[in-house]
1. To make sure I understand the rule: partners must be aspartates and glutamates, Cα under 14 Å from the Cα of K37, and not fewer than 8 residues away in the same chain. Which ones qualify?
2. With each label point set 7 Å from Cα along the Cα-Cβ vector, what nm distance links R67 and Q154?
3. With a point put 7 Å past each Cα toward its Cβ, work out how far N38 is from K58 in nm, to one decimal.
4. State the volume of the convex hull built on the alpha-carbon positions of the chain, expressed per residue in Å³ and rounded to an integer.
5. I'd like the distance separating the alpha-carbon centroids of the stretch 86-114 and the stretch 260-276, in whole Å.
6. Can you give the charge dipole size of the chain about its Cα centre, rounded to the nearest 20 debye, using +1 on the beta carbon of Lys and Arg and -1 on the beta carbon of Asp and Glu?
7. Straight distance only, please: which aspartates and glutamates reach the Cα of K338 with their own Cα at less than 15 Å, same-chain residues fewer than 8 apart left out?
8. Give me the distance between the Cα centres of the stretch 52-68 and the stretch 304-341, rounded to whole Å.
Amino acid sequence: MKKWYYLGILTLIFSLHTFAQKEGNDYLRLSGKITDKNSDSLLVFKNRTKIKRINVNKDGTFSDTLRIKEGFYGIFDGKEQGFFYLKNGYNLKITFDTKQWDETMTCKGEGAIPNNYLFKKALYTEKATADKSIFKLESAEFMAKIEEIVAGYQKLLEQTKGLEASFITLEKKDFEDFKKRGVAKYNQSTGLKKHQEEVLPKGKISPKFFNYENYNGTKTSLDDFKGKFVYIDLWATWCAPCKKEIPFLKKVEKEFHNQNIVFVSISTDRVKDHDKWKKMVADLQLTGVQLFANGDVSFENAYEVTGIPRFILIDPQGNIVDPNAPRPSDEGLKNWLKEAGVH
């Protein structure tokens, strides 16, 4: 009798364990720790749709579960965001420092392999696509550069062991999509460049702005900089790509300080965000000349600005050098400025 009793108990325990395992596969476990957290929560989203908000404790730790459809998701910490591959059954433990999100991100537990790969991929992407001057190359050179970048993606994928076949298939498709996006952007920029060369050719007198509010409390116009090259940055406080250029812009401005060039940043923020602009200038210790357009879009319209950040170079006589100049993050910017006559 006892033998059958113990056998029944063991069967019950095994059944409960199997049930628990099955139940565990029905949801995702997400936990970890954040250094220097930016907010008291993490937002999990997909295609700009909120999936769930996860509370972050005072010590930066967090833990939660959620049921999701397998795929790529974003996680936003209040200032920065990263993208993950998530599915039910994963028990993913994430740690990172907000000051260096990509560089410090580590994943452990079930689901760690594809996500650690994604962050290596993100770092590679940032480095491989940093030089925006590739969009000014001739067609054959541009395609060779794109193929080189894609080869780097493929090598990283091949070097990562333990990835599921379905994930590998998605990544290979993404490489092809990257190539298509690059070609489309190249074709668009080539057409835009040709149009700009016709409408805003080198040597033409530059459109002007007048009496923009200067952070130092004065009013400033483009003509105030006659006699110097003017490198203009059109940006806004809400623009993430604009803010990513700031450290590079500071570095370039410092290197060319006291030379025949002035660095002018024009905020295109809405009038109601005036105080936000002033606060950001102070908080980020922005250098160069900081101006606020105060709702005046005439200068933007004259340069046919459709997206920011946008950089423009004007010569000491007030003529256009380039209506779509290289960004501060472009590796070739410094030599380009010197070749233009900045010294």
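1. D59, D77, E80, D97
2. 4.1 nm
3. Using points 7 Å along Cα→Cβ, the separation is 2.4 nm.
4. About 165 Å³ per residue, rounded to a whole number.
5. The stretch 86-114 and the stretch 260-276 have Cα centres separated by 37 Å.
6. Details: 55 positive and 46 negative charges, 240 e Å.
Magnitude of the dipole: close to 1160 debye.
7. Qualifying aspartates and glutamates at Cα under 15 Å: E253, E255, D315, D322, D330.
8. 44 Å
The values are calculated or read from the model by the stated rules, or taken from the named source; none is laboratory data. Keep in mind the model is a prediction, meaning the values are calculated, not measured. Neighbour counts run over all protein chains shown; Cβ positions are idealised from the backbone, glycine included. We work out accessible area using only protein heavy atoms, side chains counted, and drop any ligands, DNA or RNA first. Shrake-Rupley method; radii C 1.70, N 1.55, O 1.52, S 1.80 Å.
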